[in-house]
Amino acid sequence: MAAHLRGLGHDARSQTNADSEVLHIPLILWAGLGEMSRIGELVLNPFVGPRFKSVVLTTDMPLEIDKPVDFGLLDFCEKCVKCARECPCSAIPMGNRITYNGYEIWKPDVERCTRYRVTNPKGSACGRCMKTCPYNTEGLLTERAFLWAAINLPASRGLIAAWDDKLGNGSINPVKKWWFDLEQVDGKSVAPKAGANARQLNLSASIDPTGQKIALYPPEEHPPGESKDPRPINRKEALERGAKASAEHLTTRKAP
Ligand code: B12
Ligand code: SF4
Ligand code: SF4
């Protein structure tokens, strides 16, 4: 698409996951492709749910500007904690959103998520938060009725989240085994020996936000964009920062 636009005489560049000059989240949010979810750094689309990856195309071609959308997701996520409950390393907050870098967000513990996804052979890029969310639908007529209710009937949202668990949605589906994560051994894709992500739903897991500690790493703690050098981090300080941000936000929200 970028090449096509350049052929028409416009500047254009595709911003991929591997090579991007821009942050995707604010752009796909402002493009109206979805709302911020409890998962945290993930924009959820009402029709395909959280399970989409983005590619951004930056261009000077004159275009009509979209607006952000509101389909009630913030309220739904306040009544549902499935992604936080199912995250294997408790990286997703079970409590409230916080103010981070000037915007409100359910900020995940990005260090925990990164360690789980990248350094743990059973992690295998994970994405369990995306896979277990009730907004994953297959376009069936019955599912459309639930989606309609989730968007239009705020009082039904908690019930829909509970019903999704009752139906066992998000558990392992052997019919779709081909979709399970594979690992590369000697240049070949094979079924993972370690059983990556082969976990059942954890319906009895504790969902007590007061017992959960989320470390917070603000932008000033991040390495510079082009840097590939290891960067020391201080998890103890990050945990204190997370607890403080959470407490401050609770206070702000109690104000009239
Ligand atoms: C690095 C990265 C990660 C790191 C995050 C590191 C960090 N935050 O320090 C880790 C490994 C944790 C991660 C995990 C995941 N990621 Co990721 N990640 C990225 C990547 C490649 C770069 C982001 C980055 O540079 N962050 C570092 C700094 C800049 O972070 P930050 O200042 O704290 O800002 C973050 C958020 O607060 C938000 N943000 C920034 N500015 C603003 C402004 C506003 C107003 C708002 C509301 C939000 C917002 O965006 C940043 C995302 O990290 C982006 C692609 C991209 N180019 O944007 C994908 C991306 C954000 N990830 C994505 C996904 C899907 C995931 C996972 C589900 C894993 C998976 N299987 O794909 C998990 C979800 C974890 C979670 N609970 O949110 C998707 C999200 C798509 C969507 N539907 O919204 C993206 C866009 C990749 C893609 N091309 O699709 N990710
Ligand atoms: S990708 Fe896995 S480890 Fe990271 S937040 Fe989602 S469920 Fe947790
Ligand atoms: S699992 Fe529930 S809380 Fe998490 S993003 Fe999906 S709807 Fe929101």
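Annotations for the structure displayed:
- Straight-line reach from Lys236: taking Cα to Cα under 25 Å and skipping same-chain neighbours fewer than 8 places apart, the lysines in range are Lys107, Lys213, Lys228, Lys244.
- Global form of the stretch 84-149, assessed from the alpha-carbon gyration tensor, a/c cut-off 1.5: oblate
- Proportion of all alpha-carbon pairs of the chain beyond 36 Å (%): 18 percent
- For the stretch 17-69, the Cβ-based charge dipole about the Cα centre amounts to some 320 debye (Lys, Arg positive; Asp, Glu negative; other atoms uncharged).
- Zone residues, the stretch 86-108, relative to Phe52, backbone N less than 16 Å from point 7 Å out along Cα-to-Cβ: none
- Dipole in debye (nearest 20) - the chain, about Cα centre, beta carbon charges: Lys, Arg +1; Asp, Glu -1: 960 debye
- Take every Cα pair under 8 Å whose residues are at least 6 apart in sequence, average their separation, divide by the length of the chain, and the relative contact order is 19 percent.
- Inter-centroid distance (Cα atoms) of the stretch 196-247 relative to the stretch 9-50, Å: 22 Å
- Of Gln212, Gln184, Gln15, the one that fluctuates the most in a GNM where the chain has Cα springs shorter than 10 Å: Gln184
- Scanning the chain for chymotrypsin sites (Phe, Trp or Tyr not before Pro) that sit in a DSSP loop and have at most 15 other Cβ atoms within 10 Å, the longest stretch containing none of them is 53-256.
- By the helix-only formula, in which each DSSP H run with n ≥ 4 contributes -39500 (n - 2.57) and the sum is divided by residues, the chain has a 222 nm mean residue ellipticity of -8500 deg cm²/dmol.
- Within the chain, longest stretch free of exposed trypsin sites (Lys or Arg not before Pro) [DSSP loop, at most 11 other beta carbons within 10 Å]: 54-192
- Cysteines having no other Cys beta carbon under 4.7 Å from their own, within the chain: Cys77, Cys80, Cys87, Cys89, Cys113, Cys126, Cys133
- Coil-residue GluC sites (Glu not before Pro) of the stretch 64-93, DSSP, other Cβ within 10 Å capped at 11: Glu64
- Charged side chains reduced to their Cβ positions (Lys and Arg at +1, Asp and Glu at -1) give the stretch 1-89 a dipole of some 360 debye around its Cα centre.
Every number in this text was worked out from the coordinates using simple rules, so none of it is lab data. Given the structure is predicted, the values throughout are model-derived calculations rather than measurements. Glycine also receives a Cβ, built like all others from the backbone with ideal geometry; neighbour counts cover every protein chain displayed.
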